[in-house]
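> Pasting in a structure now, in structure tokens, and then I'll have a few things to ask.
The values are calculated or read from the model by the stated rules, or taken from the named source; none is laboratory data. In this text the structure is predicted, and so the values were computed from the model without any measurement. Glycine also receives a Cβ, built like all others from the backbone with ideal geometry; neighbour counts cover every protein chain displayed.
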Amino acid sequence: MNITCVGAAGTVTGSNYLVEAEGVRILIDCGMFQGSRQLEERNYLAFPYDPKTVTHLILTHAHIDHSGLIPKLVRDGFSGEILSTSATADLCEIMLADSAHIQEMESEWRNRKKKRAGRHRLIYPLYTKENAAAAMAYFTPVDYGMDRVLSSKVRVRFNDAGHILGSAIVELWIKEGDREVKVVFSGDLGSTNQPIIKDPTPIPDADVVFIESTYGDRLHKSKESTYEELKAVIRAAHADRGNVIIPAFAVERTQEVLYILNALRQKDEIPPMALYVDSPLAISATEIFLQHPECFDKETLEKLRTGNHPLEYPGMRFTPTREESIKLNEITHGAIIIAASGMGHAGRIKHHLRYNLWRPEAHVVFVGYQAQGTTGRLIVDGARRVKIFGEQVAVNAKVHTIGGFSAHADRDGLLKWLDHFDPKPAAVVIIHGEARSASAFAGHVRDRLGLDSIVPAMGELIDLDVAMGRFAQKGAVVPPLAFHEELDRVWEALDDILTRVGDIEDLEDPVSQKSLTPRLHIVNEKLAGIRQELAQAEAGSA
Ligand SMILES: [Zn+2]
Ligand SMILES: [Zn+2]
């Protein structure tokens, strides 16, 4: 039985794992790569498996880095079942449509630029709104805690992961011959005491556990001190007569921030500033939250029962239309603006950063993970100016990172969840973390829990028999045939880049423009060398 880590290995985004056993081909997640341009290019490559041959897609939650390539999967021939909780399916409906909209807008914007520059080779969106809508027909909702039989050999169960509304930990039982192997995918694990939703479910047993490691090398501040920090920022911005700009994921983070701002305002702990939620997606997501009380924790249910709406800040304004959103650019002080994306590299937040980052009286508050290569990450890392819509914008605003909002368990939260397995799993596979975080977490898993783990590379195939220590310690690498195919794809991509390199007008930096062509030639030569070596090695062994 093999599991290939197609994405979210050595990196956080692009979750996609292919499970292959006797007669089954199941995907866990089908996420989009997000972050650097290099990483995002991967979204355009063909899937390294034939979507037509995949029987089921098990979706852990609605975040785009887990669900974002589903429309492409369906367009490319997948016609099996997509299993998820019903909250996840509802969220996917709005999030995939939104993602398609972003893809279409981006390609339109680039094409307009190309036309103005007199270039005629246009680019196509990764997928369209029609593709996203078509994918929804394949969703089948599954309740938490119920066994769902996929075939005579496979059954699956979803458990609350406490990460976002509808998020799940997946238990998967697969029969091979006369034995049954149980694999658990943590999905993204939530932190405890997250408002609105429940805590992650402890799972008692597994043969193999795939665990995320986004914050495998860090501890979060407590929720209490996190809310104190937010309170201090709002008060400071009020005193500075500036705006507060909060880039936030439309789903979960926006609702959590609303929940806290509402609580602080009710206790009169923050001054009355105008609050704008400038995200059509966040507005729809908030409605979906209210349709899924089965996902709420006791505290939230109690608030609702007593008529205290936990997501309503007094005087809060939603700005769904483009015109309303543009109007916000005129506000120079006294407003709290929450907009997506959470990493500042897409969506309406780009406008708010452009209009506020250069103002010394403004405060920008990052309340979520900032992936490498995003505008948010550059600002957090101390860039003095950033490029937004092709324009340099100085970073004069006060920048705050409030880490404790995370919807992810921190190092100790992950270890605690892993420690619930009794007996201990035969193998632990550490995924969904940047290389440094994943390997640091592997060290903690060994030192604190006495468990060996595998930190797979992107594309690595893990033979579960090997992983469970039946034959050896370490997972096998991608077999030569798959490697050849992979190489061919890289080869094709490079060829394409080389023929198009004269066409690239998006690289504003003339130095990198000039150095690009010779560099690509070097890569090409190196690949030719590898290919030759491989061919020789194969000829030698035949
Ligand atoms: Zn997530
Ligand atoms: Zn994730």
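> List pairs: first residue in the stretch 443-472 and without any contact (Cβ under 8 Å) to a residue 12 or more places away in the chain and farther than 11 Å from residue 428 by Cβ, second residue hydroxyl-bearing (Ser, Thr, Tyr) and buried (at least 18 other Cβ atoms within 10 Å of the Cβ) anywhere in the structure, Cβ distance under 6 angstrom, at least six positions apart or on different chains.
none
> Separate question: Does residue 83 satisfy the criteria of being at pLDDT 95 or above, surrounded by 24 or more Cβ atoms within 10 Å (Cβ to Cβ) and either in contact with a helix residue (DSSP H, G or I) (Cβ under 9 Å, 6 or more places away or on another chain) or assigned by TED's automatic domain parsing to the domain that holds residue 135 (or both)?
No.
> Name the single residue that is surrounded by the most Cβ atoms within 10 Å (Cβ to Cβ) among those in the stretch 160-174 being closer than 14 Å to residue 142 by Cα and among the β-branched types (Val, Ile, Thr).
Ranking the candidates gives 169 first.
> What's the number of the only condition in (1) more than 21 Å from residue 175 (Cα to Cα); (2) polar (S, T, N, Q); (3) away from ligand 1 (no atom under 16 Å from the Cβ) that residue 13 fails to meet?
The one condition residue 13 does not meet is (3).
> Are any residues in the stretch 367-408 of a type in the set (Ser, Thr, Tyr) and away from ligand 1 (no atom under 16 Å from the Cβ), and if so, which ones?
Correct list: 375, 401.
> Filter the stretch 418-442 for residues that are farther than 20 Å from residue 187 by Cβ, in a helix (DSSP H, G or I) and out of contact with any strand residue (DSSP E or B) (no Cβ under 9 Å at 6 or more places or on another chain) and give the result.
Scanning the stretch 418-442 gives 435, 436, 440.
> Can you go through 96, 73 and tell me which one is among the hydrophobic types (A, V, I, L, M, F, W, C), in the same structural domain as residue 44 (by TED's automatic domain parsing) and in contact with a Ser or Thr (Cβ under 9 Å, 6 or more places away or on another chain)?
After ruling out the rest, the residue left standing is 96.
Rundown of residues vs (1) under 17 Å from the mean Cα position of the chain (by Cα); (2) among the aromatic types (Phe, Trp, Tyr); (3) over 30 Å from residue 151 (Cβ atoms), yes/no style:
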{"residue": "30", "(1), (2), (3)": "yes, no, no"}
{"residue": "61", "(1), (2), (3)": "yes, no, no"}
{"residue": "80", "(1), (2), (3)": "no, no, no"}
{"residue": "111", "(1), (2), (3)": "no, no, yes"}
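> Then there's this: Given the structure, is residue 433 buried (at least 17 other Cβ atoms within 10 Å of the Cβ), closer than 26 Å to residue 4 by Cβ and within 16 Å of ligand 1 (Cβ to nearest atom)?
Judged against the criteria, residue 433 is a match.
> Of all the residues that make up the stretch 228-249, how many are out of contact with any Gly (no Cβ under 8 Å at 6 or more places or on another chain) and within 24 Å of residue 286 (Cβ to Cβ)?
Residues meeting the conditions: 8.
> Name every residue in the stretch 163-191 that is within 16 Å of ligand 1 (Cβ to nearest atom) and either part of a strand (DSSP E or B) or hydroxyl-bearing (Ser, Thr, Tyr) (or both), in order of residue number.
From the stretch 163-191, those within 16 Å of ligand 1 (Cβ to nearest atom) are 163-170, 185-191; that's our starting set.
Within the stretch 163-191, 167, 168, 169, 170, 185, 186, 191 qualify.
> Being closer than 16 Å to residue 380 by Cα and either in contact with a Cys (Cβ under 7 Å, 6 or more places away or on another chain) or not polar (S, T, N, Q) (or both) is the filter here, so list the residues in the stretch 334-351 that pass it.
Result: 342, 343, 344, 345, 349, 350.
> Failed condition for residue 423, given (1) more than 20 Å from residue 220 (Cβ to Cβ); (2) assigned by TED's automatic domain parsing to the domain that holds residue 256, with all others met?
Evaluating residue 423 over (1) more than 20 Å from residue 220 (Cβ to Cβ); (2) assigned by TED's automatic domain parsing to the domain that holds residue 256 leaves (2) as the failure.
> Checking the condition away from ligand 2 (no atom under 16 Å from the Cβ), closer than 26 Å to residue 18 by Cα and either hydrophobic (A, V, I, L, M, F, W, C) or surrounded by fewer than 19 Cβ atoms within 10 Å (Cβ to Cβ) (or both), which residue from 422, 447, 463 passes? Don't jump to the end; show me each part of the working.
On the way: 422 fails: closer than 26 Å to residue 18 by Cα; 447 fails: closer than 26 Å to residue 18 by Cα.
Going through 422, 447, 463 in turn, just one is away from ligand 2 (no atom under 16 Å from the Cβ), closer than 26 Å to residue 18 by Cα and either hydrophobic (A, V, I, L, M, F, W, C) or surrounded by fewer than 19 Cβ atoms within 10 Å (Cβ to Cβ) (or both): 463.
> Here is a follow-up. If you take just the strands (runs of 3 or more DSSP E) that sit entirely in the stretch 1-62, which of them hold at least 3 residues that are among the aliphatic types (A, V, I, L, M), out of contact with any strand residue (DSSP E or B) (no Cβ under 6 Å at 6 or more places or on another chain) and within 15 Å of residue 431 (Cα to Cα)? Full working, then the answer.
On the way: elements: 2-7, 16-21, 24-28, 56-58.
Counting at least 3 such residues, we get no strands (runs of 3 or more DSSP E) at all.
> Something else now. Starting from residues that are under 28 Å from residue 375 (Cα atoms) and out of contact with any Leu (no Cβ under 8 Å at 6 or more places or on another chain), keep the ones in the stretch 258-277 and report whichever is surrounded by the most Cβ atoms within 10 Å (Cβ to Cβ).
273
> Looking at the stretch 385-400, can you tell me whether even one residue there is surrounded by 21 or more Cβ atoms within 10 Å (Cβ to Cβ) and within 16 Å of ligand 2 (Cβ to nearest atom)?
no
> Turning to a different aspect of this structure: Can you pull out every residue in the stretch 68-80 that is in a loop (DSSP other than H, G, I, E, B) and surrounded by 22 or more Cβ atoms within 10 Å (Cβ to Cβ)?
Step one: list which residues in the stretch 68-80 are in a loop (DSSP other than H, G, I, E, B), which gives 68-69, 76-80.
Selection gives 68, 69, 78.
> Please verify whether the stretch 354-370 includes one or more residues that are more than 19 Å from the chain's Cα centre (by Cα), within 18 Å of residue 102 (Cβ to Cβ) and among the charged types (D, E, K, R).
Yes, the conditions are met somewhere in the stretch 354-370.
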